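K.L.:
For reference, the structure I am asking about is given below.
The values are calculated or read from the model by the stated rules, or taken from the named source; none is laboratory data. Because the structure is predicted, anything quoted here is derived from the model rather than measured. Cβ sites come from the backbone with ideal geometry, for glycine too, and all protein chains shown count toward neighbours. Protein only, heavy atoms only, side chains kept; ligands, DNA and RNA dropped before computing areas. Shrake-Rupley method; radii C 1.70, N 1.55, O 1.52, S 1.80 Å.
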Amino acid sequence: MSQRRPVLALALISSLAVAGAGVAAPVRYTVRIPAKARSEALIDLGVQARVTLGGASACPGRSSALSGAMTLRQALEALLAGAPCRFEILDNATVRILPAARPATPIHPSIVVVEPAALDSVVVTATKRRTRLQAVPGGISVVGAGRLLDGGAVDTTSISQQTAGFITTNLGAARNKIMLRGLSDGTFTGRTQQTVGTYLDNVPLTYNAPDPDLRLIDIERVEVLRGPQGALYGGGSLSGVYRIVTQKPVFGERSGLASATVAATKSGSPSGKIEGVVNLPLVADRAALRVAAYADVDGGYVDDVNLRLSNVDRTTRRGGRAALALRLNDAWSLTVSGAQQNLSSTDTQYTTPSLGGLRRANQVRETHGNHFFQTAATLSGSGSWGTFESSTGYVHHRFASRFDATAALTASSDMAVDVGLFDEASNVRLLVEDAVLSSPEGGRLRWMVGVYGLASQEDGDGELRARTASEPSRLIYLEARRDRRRELATYGEATYDLGRGWSASLGARAFRTVVRTTSAVEASPPGQSRDFDREADFSGVSPKLSLQRQWGSGGLVYLMTSEGYRSGGFNSGGLVAPSPLRRAFKPDHLRNYEIGASLSPFDGRLALRTALFYDVWTDIQTDQYLSSGLSYTANVGDGRNTGLEAEGVFRVGSHLSLQANALFNRPVLTKVDPNFAAVSQSGLPGVPDVSAGALVRYQDQLRADAWLVLTAEMGYVGRSRLTFDRRFSPSMGGYVTGRLAAQIETSRWRGGLAVTNPADASSDTFAYGNPFSFGQVRQVTPLRPRTWSLSLARVF
């Protein structure tokens, strides 16, 4: 119990922040907005008042200068005086701008956003301060609800085509790894901290576990930050942050959405999904509840010729979220939320090319189960003193997999093995507290400071068994391992206005991490049974520095340097005890240098963001497999990456818009650690030199209450290698895929027809599926064959 005290103490301090708040008068903000286009003035107001403000781009004209202390309502009334638009204050953090005369809207705006917002009107919170996207220095992407709907995005993999340099492995649902900016520590998942921090709102989803692949239902937006983010996130991140921002309960609104989709895959089993969202006001302008639920079935398409089974790789996913929002007074609010998802796969999705078609030949079904639960409480308040937000979260994540280990046991043993089985399971618990205090927006000096605490425990089991002619179940190897981690960090960033559009920012993350690993191994001869108990302490500071210049027209250029860090850990597994050189792995460290710009030419019809970066990575941690198929972690050596990323949106007219993104980079391994297996200097595994995506959207009004929306999406992933050693590593990637869709929307209904992978390409997305036969049997994970889907949604 005492091990949780630092985190619980932070949570207690955060909760005491409300004490004495009482019933506050309406909050008055110090507003300084020069005369400019009304849409830009509204966005500036949203930033300075720290509210989410939607629809600003639909309000034409110019506004007069606005300066002084005033309430949000007073400021909105002043900016919209004489304008052909009006406002609605939905709650103390959300404002909606509407035309003066309410038009027929295809879908209720709090449930589905029909038209994607322009980049210059998007306000992000991933930087821990409400900021216009085009005013954020650094690599950042935002995928709003409209784009998620257009692209049919349902999970993490769906995001990869819509953001620059976002790559995922393709082992299977809830088993994948996210990589950003070509920074790959390997394609396998093990003991190392993920290079990309994954968050649901303000709470991390994982530490070193695979991405749980939460269903993207009722999502406000997805934010992706590239590069080290220690100055903004206490948990630290080496290559970036992937953050899912959920729709929040809306006060005073009763609404809902129900939808169903059926799908057919070429030569595969049928698929389908149902989902529902409901928003309920509980107490007028004081309390509201929002609930989302879903159930999916992805039919299989891989056949196993040994087991004589067709379409073995079926995946089911069921889950939901609930959030209760309470307005404590005009300045303070509390949101309590929970999310749960149960995912089950009846088999893996790799194939064996030598068998032809979508086939393989295993001795057993390779099942996977993934059960995720999270609960969180977020307390936020604001006033003339600034803004405070405390998020306390608990995560319970259980996942288990089975692999066919027959090939590895046959190759490494003198006995005749009929069937080999490897079962692994992990049970992860995380308790997290993150408290952030930030300054008012009005002054020349703006700052934010945070305190972060984490207490985690992971219990993992790995069991290897063989069935022989004489023994139905012979134990070869069994490990029971427990990893405890305690982490405390302070972090923050300050920005000073130098004048004439110039500003400078300085930030850092100071941290201490304590890791303890215990393990008990039981192995049959010639293996070694043994116990393991080690502890290590890591601490340090990761700085960040940037210089930027912003123009009144919305343009921005910046220079930035930042650092990322991952603590080390221990190896305890294997049939024999690890050698002294492999018993522990060292921390690794990343230095990032970048120069970038955001531009909005052609009267804002084009919004472009681009960055040129150079990364230096020392002592790269990587998860690898022994010849027995059991995993370990090592420091492979040093690497670097040089690249150019770009993304933009161009509004051709009122009906047509184009979105595109691309990454060109050269990730290489420059120095090999002598303690790592001999490899030649090569590229980093699993990440291509080139990746790109594009989305074309056409919208037309069929009649007063009916709209037609056509979309075409394309993604390209260049060629890469599976492992660090190019001499023996299989090649993968080098494919194009896409999606075509047509939707008709009315004020209450939405129907759609879509086809994914319309060319029915079968390229290898991931040249891996089973560590116990890898290297003996060529493994290929093809694209899902051409799939047609039909959907219907009803708003109420």
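K.L.:
Got a number for residues in segment 434-449 being in contact with a helix residue (DSSP H, G or I) (Cβ under 6 Å, 6 or more places away or on another chain) and either open to solvent by 30 Å² or more (accessible area, probe 1.4 Å) or of a type in the set (Ser, Thr, Tyr) (or both)?
P.N.:
Count: 1.
K.L.:
Within segment 591-598, does at least one residue satisfy the condition of being farther than 30 Å from TYR491 by Cβ, without any contact (Cβ under 8 Å) to a residue 40 or more places away in the chain and in contact with a strand residue (DSSP E or B) (Cβ under 9 Å, 6 or more places away or on another chain)?
P.N.:
No - not one qualifying residue is present in segment 591-598.
K.L.:
Now for a different question. Take segment 30-42 and flag every residue that is open to solvent by 10 Å² or more (accessible area, probe 1.4 Å), touching a Leu at 6+ places or on another chain (Cβ under 9 Å) and not in a strand (DSSP E or B).
P.N.:
PRO34, ALA35, ARG38
K.L.:
Please state which of the following conditions PRO601 fails to meet, knowing it meets all the rest: (1) open to solvent by less than 30 Å² (accessible area, probe 1.4 Å); (2) assigned to a loop (DSSP other than H, G, I, E, B); (3) over 30 Å from ARG486 (Cβ atoms).
P.N.:
Result: PRO601 passes all but (1).
K.L.:
I'm trying to understand the selection: among the residues of segment 189-206, which are touching an Asp or Glu at 6+ places or on another chain (Cβ under 9 Å), open to solvent by 10 Å² or more (accessible area, probe 1.4 Å) and over 25 Å from VAL277 (Cβ atoms)?
P.N.:
Those that are touching an Asp or Glu at 6+ places or on another chain (Cβ under 9 Å), open to solvent by 10 Å² or more (accessible area, probe 1.4 Å) and over 25 Å from VAL277 (Cβ atoms): THR189, GLY190, ARG191, GLN194.
K.L.:
If we scan segment 237-249, do we find a residue that is open to solvent by less than 10 Å² (accessible area, probe 1.4 Å) and either without any contact (Cβ under 8 Å) to a residue 60 or more places away in the chain or on the phi > 0 side of the Ramachandran plot (or both)?
P.N.:
Yes: one or more hits.
K.L.:
Could you grab me the full set of residues in segment 603-623 that are in contact (Cβ under 8 Å) with a residue 40 or more places away in the chain and not acidic (Asp, Glu)?
P.N.:
If the condition is that a residue be in contact (Cβ under 8 Å) with a residue 40 or more places away in the chain and not acidic (Asp, Glu), then GLY604, ARG605, LEU606, ALA607, LEU608, ARG609, ALA611, PHE613, TRP617, ILE620, GLN621, THR622 are the ones that fit.
K.L.:
I've got another one for you. Specify which of the listed residues (VAL395, VAL336) is touching a strand residue (DSSP E or B) at 6+ places or on another chain (Cβ under 9 Å), among the β-branched types (Val, Ile, Thr) and either open to solvent by 20 Å² or more (accessible area, probe 1.4 Å) or under 30 Å from LEU575 (Cβ atoms) (or both).
P.N.:
VAL336
K.L.:
Out of SER354, SER269, SER310, SER345, I need the residue that is open to solvent by less than 20 Å² (accessible area, probe 1.4 Å), among the polar types (S, T, N, Q) and closer than 30 Å to GLY420 by Cβ. Which one?
P.N.:
Just one listed residue meets the conditions, SER345.
K.L.:
Would you call ALA209 open to solvent by 10 Å² or more (accessible area, probe 1.4 Å), among the small types (Gly, Ala, Ser) and part of a loop (DSSP other than H, G, I, E, B)?
P.N.:
no
K.L.:
Report every pair of residues separated by at least 6 positions or lying on different chains whose Cβ atoms are under 8 Å apart, first residue within segment 124-149 and closer than 19 Å to GLY604 by Cα and in a loop (DSSP other than H, G, I, E, B), second open to solvent by less than 10 Å² (accessible area, probe 1.4 Å) and at pLDDT below 75.
P.N.:
VAL136/VAL124
K.L.:
Of the numbered conditions (1) on the phi < 0 side of the Ramachandran plot; (2) modelled with pLDDT of 65 or more; (3) of a type outside the set (Lys, Arg), ALA101 fails exactly one; give the number of that condition.
P.N.:
Single failed check for ALA101: (2).
K.L.:
Examine segment 48-63 for a residue that is assigned to a loop (DSSP other than H, G, I, E, B), more than 22 Å from GLU220 (Cβ to Cβ) and at pLDDT below 80, and state whether such a residue exists.
P.N.:
yes
K.L.:
Do you know which residues across segment 460-477 are farther than 11 Å from GLY420 by Cβ, at pLDDT 90 or above and of a type in the set (D, E, K, R)?
P.N.:
ASP461, GLU463
K.L.:
Which condition number does LEU612 fail, the rest of (1) touching a Leu at 6+ places or on another chain (Cβ under 8 Å); (2) open to solvent by less than 20 Å² (accessible area, probe 1.4 Å) being met?
P.N.:
(2)
K.L.:
Test VAL557 against the criterion of being in a loop (DSSP other than H, G, I, E, B), over 26 Å from GLN194 (Cα atoms) and touching a Pro at 6+ places or on another chain (Cβ under 9 Å), and give yes or no.
P.N.:
Here the answer is no, as VAL557 does not meet what is asked.
K.L.:
Using the structure shown, decide if SER627 is surrounded by fewer than 17 Cβ atoms within 10 Å (Cβ to Cβ), more than 23 Å from the chain's Cα centre (by Cα), within 30 Å of GLY573 (Cβ to Cβ) and touching a residue at least 40 places away in the same chain (Cβ under 8 Å).
P.N.:
When the stated conditions are applied, SER627 passes them.
K.L.:
Let me ask another. Within segment 714-796, which strands (runs of 3 or more DSSP E) (wholly inside it) include 3 or more residues that are within 30 Å of ASN665 (Cβ to Cβ) and touching a Ser or Thr at 6+ places or on another chain (Cβ under 7 Å)?
P.N.:
The strands (runs of 3 or more DSSP E) meeting that bar are 731-746, 764-766.
K.L.:
Could you check segment 693-728 and list, in sequence order, the residues that are without any contact (Cβ under 8 Å) to a residue 60 or more places away in the chain, closer than 20 Å to PHE766 by Cα and surrounded by fewer than 19 Cβ atoms within 10 Å (Cβ to Cβ)?
P.N.:
Matches in segment 693-728: TYR716, GLY718, ARG719, ASP725, ARG726, ARG727, PHE728.
K.L.:
I've got another one for you. Given the residues ALA469, ALA508, ALA523, which is the only one that is over 24 Å from the mean Cα position of the chain (by Cα) and open to solvent by 20 Å² or more (accessible area, probe 1.4 Å)?
P.N.:
ALA469
K.L.:
If you don't mind, another one. Within segment 653-671, identify whether any single residue is charged (D, E, K, R) and more than 30 Å from GLN699 (Cα to Cα), and answer yes or no.
P.N.:
Checking segment 653-671: at least one residue is charged (D, E, K, R) and more than 30 Å from GLN699 (Cα to Cα).
K.L.:
Residue check: is VAL395 under 28 Å from GLY172 (Cβ atoms), part of a strand (DSSP E or B) and modelled with pLDDT under 95?
P.N.:
Judged against the criteria, VAL395 is not a match.
K.L.:
Turning to a different aspect of this structure: Scan segment 561-596 for residues that are open to solvent by 20 Å² or more (accessible area, probe 1.4 Å) and either among the aromatic types (Phe, Trp, Tyr) or assigned to a strand (DSSP E or B) (or both) and jot them down.
P.N.:
Across segment 561-596, the qualifying residues are THR561, GLU563, TYR565, ALA584, HIS589, ARG591, TYR593, ILE595.
K.L.:
Being of a type in the set (Gly, Ala, Ser), under 27 Å from LEU409 (Cβ atoms) and at pLDDT 95 or above narrows it down to one of SER310, SER337, SER354, SER344, so name that one.
P.N.:
Answer to the check: SER344.
K.L.:
Looking at segment 398-433, which of the residues that are in contact with a Pro (Cβ under 9 Å, 6 or more places away or on another chain) and either under 30 Å from ARG485 (Cα atoms) or of a type in the set (Lys, Arg) (or both) is surrounded by the fewest Cβ atoms within 10 Å (Cβ to Cβ)?
P.N.:
It comes out as PHE399.
K.L.:
I'd like to verify a number: residues in segment 729-780 that are farther than 30 Å from THR410 by Cα, in contact with a strand residue (DSSP E or B) (Cβ under 7 Å, 6 or more places away or on another chain), acidic (Asp, Glu) and open to solvent by 10 Å² or more (accessible area, probe 1.4 Å), how many?
P.N.:
Of the residues in segment 729-780, 0 are farther than 30 Å from THR410 by Cα, in contact with a strand residue (DSSP E or B) (Cβ under 7 Å, 6 or more places away or on another chain), acidic (Asp, Glu) and open to solvent by 10 Å² or more (accessible area, probe 1.4 Å).
K.L.:
Are any of the residues in segment 450-459 at pLDDT below 95 and either under 30 Å from SER67 (Cα atoms) or not hydrophobic (A, V, I, L, M, F, W, C) (or both)?
P.N.:
no
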